[in-house]
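Colleague: Quick one: this structure, given as C-alpha cells, is what I'll be asking you about.
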Amino acid sequence: GSEGALLNDYDRPNFMRVAAVDPYGKLPRFSNFGPGATIAAPCKFLGFSHGGGTDFRPDPAFKYGGKTSQAGPNAFNTAGKCRLLAPRLSGADAKRLLEVTCTPSEYWNDRVACGGVLNHERALNVAATLGLVDQGYSVGEAVHRLGFDTDTTADVWGIVEAHFDTPRPERPEAN
C-alpha cells in the first residue's frame, strides 16, 4: 500500500488516487496525500474478512477498518454512478466531474490535487443534468425536471456551463 505516502508521480487523465478523510474531515496518518492524489473521500469504517471462516462459523479474521482502501471505492462508486447517469462521460470526464464538484477546503488545498473532498450528491446532480442534456433537454429544462431548489439549480448550472460543453438557453426559474 501507500500508507502515509506523498503521491506526486502519476498523472493520467482517467486515473485517480484517493486520499482518505477521517470522521473529522482531516487526513488520517495512514492515508496517502499530495499532488498525485486526485481527491479526498471518506473512508467508512467497514467490516471485512481476512479469510479463515466457513459458511457455518464466523470468520475469525473478521476486522473493521477504514483506510484508504475504503476511500477509493467510495470515490470510484460515485464516478461509476455518474457514468450511468451521463453515459457520454469518459473515465477522464468522470474524474474531472468529481474534481469540479468536490467540496473545496483550505485544509485540503495542498493535500490533494482538486483541493477538496468528494461531494457525492453534487456530482450526481451534475451527472443527472448532463444525462438529460444528452437526451435533448436544455440545461434549464434538465434542472427544472430534476426539481432542484434555487441554490442547487444555480450551482449545477454554473458547473455545467464552466466545465462541460452544452448549449445555454435562457435560464428558467427553479422549483
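The values are calculated or read from the model by the stated rules, or taken from the named source; none is laboratory data. Model, not experiment: these values are computed from the prediction. Neighbour counts run over all protein chains shown; Cβ positions are idealised from the backbone, glycine included. The protein model used for the area step is the full one, side chains on, heavy atoms only, and it has no ligands, DNA or RNA in it. Shrake-Rupley method; radii C 1.70, N 1.55, O 1.52, S 1.80 Å.
Colleague: Taking region 92-116 only, how many residues are open to solvent by less than 30 Å² (accessible area, probe 1.4 Å) and of a type outside the set (Lys, Arg)?
Modeller: Residues meeting the conditions: 9.
Colleague: Would you check which residues across region 120-154 are under 29 Å from GLY72 (Cβ atoms) and either open to solvent by 50 Å² or more (accessible area, probe 1.4 Å) or of a type in the set (S, T, N, Q) (or both) and list them?
Modeller: HIS120, GLU121, ARG122, ASN125, THR129, ASP134, LEU146, THR152
Colleague: Does region 136-153 hold any residues that are closer than 15 Å to ARG122 by Cβ and free of Cβ contacts under 8 Å to residues at least 12 places away in the same chain, and which are they?
Modeller: ASP151, the sole residue that qualifies.
Colleague: For region 26-90, which fully contained strands (runs of 3 or more DSSP E) count at least 1 residues that are at pLDDT 80 or above? Reasoning before the result, please.
Modeller: Values: elements: 39-42, 46-48, 63-65.
It comes to 39-42.
Colleague: Restricting to region 76-86, what's the tally of residues that are within 15 Å of ALA142 (Cβ to Cβ) and open to solvent by 70 Å² or more (accessible area, probe 1.4 Å)? It would help to see each step written out before you state the result.
Modeller: In the first step, residues of region 76-86 are kept if they are within 15 Å of ALA142 (Cβ to Cβ); the result is 82, 85-86.
If we keep only those that are open to solvent by 70 Å² or more (accessible area, probe 1.4 Å) as well, we get 85.
Going through region 76-86 one residue at a time, the tally reaches 1.
Colleague: For region 95-125, give me the residue count where each residue is in a helix (DSSP H, G or I), touching a residue at least 24 places away in the same chain (Cβ under 8 Å) and not polar (S, T, N, Q).
Modeller: Taking region 95-125 as the starting set, the residues that turn out to be in a helix (DSSP H, G or I) are 95-101, 106-108, 120-125.
Applying the additional criterion that residues be touching a residue at least 24 places away in the same chain (Cβ under 8 Å) yields 95-101, 107-108, 120, 122-125.
Now restrict to residues that are not polar (S, T, N, Q): 95-100, 107-108, 120, 122-124.
The total comes to 12.
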